[in-house]
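Accompanying notes for the structure given below.
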Amino acid sequence: MNKRELSQQLPDLASVSFQDLTAFAEGLGLPPYRARQIRRWIDARGATSFEEMTDLPKALREGLGARARIFTPPVLREDAAPDGTRKFLVQLEDGLTIESVLIPDKDRLTLCLSTQVGCPVNCSFCLTGRMGLVRNLASAEIVGQVRSVRARTPRRISNIVLMGMGEPLLNFENAADALRRLTDPRGFGFSSRRITLSTAGIVPGIERLGREGPPVNLAVSLNATTDGIRDRMIPINRKWPIGRLLAALRAYPLPPRRRITIEYVLLGGENDTDEDARRLAALLKGLRCKVNLIPFNPFPGSSHRIPDRKRVERFQRILTESRYSAFIRESRGKEIRAACGQLWAEEKKSGAS
Ligand code: SF4
């Protein structure tokens, strides 16, 4: 066994739960506050080695280095677009790769995380959907993306969205555990108000998230106003049709002053008519929500069309006239294939994972 393989046998303290980290520290005869210090160094301060943990005695740092390790998923490739969006191909310990995307705005820096390798949902407008599910990410692999990307940006990441590869509510335990770790004040310390989980509409998962929390923001990819069209766009609609989904959203225990984000990908000539906009306004009646209109971002082999700009603006106007907050969200970083899954697919073609 070589040195690298030997070191992989050691426990990875970035991956273990706080409970297991405390037990590990206790096993070394250390008081519980040492576990808190180590977790803070890894999650809050971005340490990638024990030597960096300068408030631990030197002998302890050396002892930890001999008995444990800190795995930080490497970034295999990074692409930047003129609009500032940066896309990262992150490698997991088993060699598989996922994507994370950093999206800067004036007052915020949002990191979009993957929750699965591939995705089983197979939305017609998404390249990741074509790959099928390879495997779920462990919670440490979900938060590991924050650690990997954070080291590559001087700006503080202010917001997190679970909107990359995968459907988070089909990997509920790991996604919820990752959210708890991201909001843990002993570690990453993100406010739950600054984290959004985006789902294609897994009704039992929405209900469970409502019951068990944590109370992060919820975004739902609705994308159609009739079951016929939505069945074609998001096949899980056959199981949880629009009526069922909206009933679950109406019952969702939204914290005060928060709104559900309704995402609506506009496909030219398919779901972008005036009637669609009016039906959408009627469907959302009484729901505390805002609407994000996302003009389709094409990828090689996709059969959908980019919607006409005037259509997009007209769609928005109908919604605002019905007193909804409706925003047009441009697909960020088109130049770097920011549509979900494109970088991954390219690397896959060239044999990187
Ligand atoms: S849009 Fe999201 S849920 Fe749909 S296939 Fe892509 S990754 Fe999966």
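The values are calculated or read from the model by the stated rules, or taken from the named source; none is laboratory data. None of the values given here were measured: they were computed from a predicted structure. Cβ sites come from the backbone with ideal geometry, for glycine too, and all protein chains shown count toward neighbours.
Numbers at a glance
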item: Filter pass, Gly29 being closer than 14 Å to Gly187 by Cα and not in a helix (DSSP H, G or I); result: no
item: Complete set of residues in the range 279-319 that are under 18 Å from Ala248 (Cβ atoms), β-branched (Val, Ile, Thr) and in a loop (DSSP other than H, G, I, E, B); result: none
item: Positions within the range 104-132 being surrounded by fewer than 21 Cβ atoms within 10 Å (Cβ to Cβ), more than 9 Å from the ligand (Cβ to nearest atom) and of a type outside the set (Lys, Arg), in sequence order; result: Pro104, Asp105, Asp107, Leu109, Thr110, Gly132
item: Residues within the range 141-150 that are surrounded by 22 or more Cβ atoms within 10 Å (Cβ to Cβ) and either of a type outside the set (Val, Ile, Thr) or at positive phi (or both), tallied; result: 3
item: Residue selected from the range 195-216 under the condition touching a Phe, Trp or Tyr at 6+ places or on another chain (Cβ under 8 Å), surrounded by 22 or more Cβ atoms within 10 Å (Cβ to Cβ) and small (Gly, Ala, Ser), by the criterion nearest to Tyr264 (Cα to Cα); result: Gly201
item: Filter pass, Asp276 being touching a helix residue (DSSP H, G or I) at 6+ places or on another chain (Cβ under 8 Å), assigned to a helix (DSSP H, G or I) and under 17 Å from Ile229 (Cα atoms); result: yes
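Table: residues versus (1) in contact (Cβ under 8 Å) with a residue 40 or more places away in the chain; (2) within 16 Å of the ligand (Cβ to nearest atom).
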residue	(1), (2)
Val134	no, yes
Arg150	yes, no
Thr153	yes, no
Asn159	yes, no
Asn174	yes, yes
Pro185	no, no
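Here is a yes/no grid of residues against (1) in contact with a strand residue (DSSP E or B) (Cβ under 8 Å, 6 or more places away or on another chain); (2) not assigned by TED's automatic domain parsing to the domain that holds Gln145:
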residue: Val16; (1), (2): no, yes
residue: Thr22; (1), (2): no, yes
residue: Pro31; (1), (2): no, yes
residue: Ala35; (1), (2): no, yes
residue: Gly46; (1), (2): no, yes
residue: Ser49; (1), (2): no, yes
residue: Gly63; (1), (2): no, yes
residue: Pro82; (1), (2): no, no
residue: Lys87; (1), (2): yes, no
